[in-house]
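> Let me begin by handing over the structure; questions about it come next.
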Amino acid sequence: MSERRLILGIDTSCDETSAAVVADGREILSNVVSSQVDIHERFGGIVPELASRKHTEVITRIIDRSLAEAGVALEDLDAVAVTNRPGLMGALLVGVEAAKALAFTQSIPIIPIHHIEGHIYANSMAHDVPFPHLCLTVSGGHTLLVYVREGWEYELLGTTLDDAVGEAYDKVAKLLGLGFPGGPIVDRLAHENTEEPVDFTVPMARTDSYDFSFSGLKTAVRYYIQKCDGEPPVGRIAAGFQHAAVTSLVTKTARAAKERGIRAVTLTGGVAANRRLRHDIEEMGAELGIDTYCPPFDLCTDNGAMIAGVAHHVWDKGIEADLSLSAHASAPLT
Ligand code: KG4
Ligand code: ZN
């Protein structure tokens, strides 16, 4: 038997089917991700039923590939970890049932993982992040500011009251007639814009809470477009939207870091690819004397490696599931 602890991690929570093999929580032996963007793009958003069907179609192949790329046989696995919460119900169930089948046939434990635990852990697979730290998770489905203590204990400081920030990017892109996912396109147009950005109000700037809200900002963009005579100034709108959204994220993160006396901030999730956000977080870190971390992009977006990685520590806490494990569309991060 191998000296190292080998965990297979499965994530099917949204529109990526992913399986990965990780040794001892950090050494990524494989990380296979099958994206469904081509299926959903013509609808301008994720269609849950289509997502479940595609996961079902490819899950076995993706698991096989992850084992083959890792050079690991099924018998070598010590455990299987799976995202069972939160996410699209039908999509989650595909991963959970696959994990159960493997656990049953191999007589190995199942480690149930909260999807956001995986995102938070992603930075620690690439960097030595000290405790305690703050993690800003920004994706198409989530916007969370989390205080992370030694031993992977979490305190949720803030979350979005409505749309996730990536969702707002995608909806604004749709309003502007751009493609899906719209986040990278809006980011590029904002970056290339040389004119005065449209002045949109920074959301939630006047409250003491660490919560976010992006739906009002999206509506402000819609009204602005409706009032335009002729073609809307796409670059100026993209830049103005991006300024307001990113300022909201960075200002609250900076305030939480100051109030909690935190010396390290991590950024993760698909929107962590945003160049303005990365720049402003780094600038904030330099100003406040805080170390900032961002993992490589393939660990920012949904992937099985972060699930297998964090499972190493979750298992150490004695958390295991049996074949009665089910999925939960929403679940607190505790
Ligand atoms: O983490 P992710 O791959 O999937 C989940 O939502 O879990 O994140 C996808 C989201 C999409 O909303 C996409 O538009 C956004 O991340 N995104 C970006 C950028 N790249 C991806 N948003 C803003 N700027 C970007 N450069
Ligand atoms: Zn995610």
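The values are calculated or read from the model by the stated rules, or taken from the named source; none is laboratory data. Computed from a prediction, not measured in an experiment: that's the story for all the values here. Neighbour counts run over all protein chains shown; Cβ positions are idealised from the backbone, glycine included. SASA here: full protein model, heavy atoms, side chains in, ligands and nucleic acids out. Shrake-Rupley method; radii C 1.70, N 1.55, O 1.52, S 1.80 Å.
> Buried (at least 16 other Cβ atoms within 10 Å of the Cβ), away from ligand 1 (no atom under 16 Å from the Cβ) and not charged (D, E, K, R), is that true of Leu92? Talk me through it step by step, then tell me what you get.
Values: buried (at least 16 other Cβ atoms within 10 Å of the Cβ): yes; away from ligand 1 (no atom under 16 Å from the Cβ): no; not charged (D, E, K, R): yes.
Here the answer is no, as Leu92 does not meet what is asked.
> Limited to region 250-298, what total is found for residues that are without any contact (Cβ under 8 Å) to a residue 40 or more places away in the chain and within 15 Å of ligand 2 (Cβ to nearest atom)? Working first, answer last.
We begin by selecting, within region 250-298, every residue without any contact (Cβ under 8 Å) to a residue 40 or more places away in the chain; these are 250, 254, 258-259, 261, 278-280, 282-290, 292, 297.
Then keep just the ones that are within 15 Å of ligand 2 (Cβ to nearest atom); that gives 297.
Here the count works out to 1.
> Restrict the check to region 285-299 and report whether at least one residue is within 14 Å of ligand 1 (Cβ to nearest atom), surrounded by fewer than 20 Cβ atoms within 10 Å (Cβ to Cβ) and within 17 Å of Gly140 (Cα to Cα). Quick ask: steps written out before the conclusion?
The initial filter retains those residues of region 285-299 that are within 14 Å of ligand 1 (Cβ to nearest atom), namely 294-299.
If we keep only those that are surrounded by fewer than 20 Cβ atoms within 10 Å (Cβ to Cβ) as well, we get 296-298.
Cutting the leftovers down to within 17 Å of Gly140 (Cα to Cα) gives us 297-298.
Yes.
> May I pose another question? Please list, ordered by first then second residue, the pairs with beta carbon atoms under 9 Å, 6 or more apart or interchain, first in region 306-334 and within 28 Å of Arg4 (Cβ to Cβ), second in a helix (DSSP H, G or I) and open to solvent by 50 Å² or more (accessible area, probe 1.4 Å).
Note: pairs meeting the criteria are Leu323/Phe104.
> In region 1-27, what residues are open to solvent by 10 Å² or more (accessible area, probe 1.4 Å), more than 30 Å from Ser330 (Cβ to Cβ) and modelled with pLDDT of 95 or more?
Initial filter on region 1-27 (open to solvent by 10 Å² or more (accessible area, probe 1.4 Å)): 1-5, 14-16, 24, 26-27.
Applying the additional criterion that residues be more than 30 Å from Ser330 (Cβ to Cβ) yields 1-5, 24, 27.
Hits for region 1-27 are Arg5, Asp24, Glu27.
> Quick one: is Ala98 of a type in the set (Gly, Ala, Ser), touching a helix residue (DSSP H, G or I) at 6+ places or on another chain (Cβ under 8 Å) and surrounded by 24 or more Cβ atoms within 10 Å (Cβ to Cβ)? Break it down stepwise before answering.
Details: of a type in the set (Gly, Ala, Ser): yes; touching a helix residue (DSSP H, G or I) at 6+ places or on another chain (Cβ under 8 Å): yes; surrounded by 24 or more Cβ atoms within 10 Å (Cβ to Cβ): no.
So Ala98 does not fit the description; no.
Conditions tested, residue by residue: (1) away from ligand 2 (no atom under 16 Å from the Cβ); (2) closer than 16 Å to Gly141 by Cβ; (3) of a type in the set (D, E, K, R).
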site	(1), (2), (3)
Glu3	yes, no, yes
Gln36	no, yes, no
Thr56	yes, no, no
Ile62	yes, no, no
Arg85	no, yes, yes
Ala91	no, yes, no
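> Taking region 300-334 as the region of interest, how many residues are touching a Pro at 6+ places or on another chain (Cβ under 8 Å) and either assigned to a strand (DSSP E or B) or open to solvent by 50 Å² or more (accessible area, probe 1.4 Å) (or both)?
Qualifying residue count for the region: 6.
> Shifting gears a bit: Among the residues of region 233-273, write down those that are surrounded by 24 or more Cβ atoms within 10 Å (Cβ to Cβ), at negative phi and outside any helix (DSSP H, G or I).
Matches in region 233-273: Val265, Thr266, Leu267, Thr268.
> Return yes or no: is Val72 in a loop (DSSP other than H, G, I, E, B), more than 16 Å from ligand 1 (Cβ to nearest atom) and in contact with a Leu (Cβ under 7 Å, 6 or more places away or on another chain)? First the steps, then the outcome.
Numbers: in a loop (DSSP other than H, G, I, E, B): yes; more than 16 Å from ligand 1 (Cβ to nearest atom): yes; in contact with a Leu (Cβ under 7 Å, 6 or more places away or on another chain): yes.
Against the criterion (in a loop (DSSP other than H, G, I, E, B), more than 16 Å from ligand 1 (Cβ to nearest atom) and in contact with a Leu (Cβ under 7 Å, 6 or more places away or on another chain)), Val72 qualifies.
> From the set of residues in region 50-72 that are over 14 Å from Thr17 (Cα atoms) and open to solvent by 40 Å² or more (accessible area, probe 1.4 Å), which is nearest to the chain's Cα centre (by Cα)? So that I can check it myself, show each step before the final result.
Step one: of region 50-72, the residues over 14 Å from Thr17 (Cα atoms) are 67-72.
Now narrow it down to the ones that are open to solvent by 40 Å² or more (accessible area, probe 1.4 Å): 68-69, 71.
Numbers: Ala68: 26, Glu69: 24, Gly71: 28 Å.
Applying the filter and picking the extreme gives Glu69.
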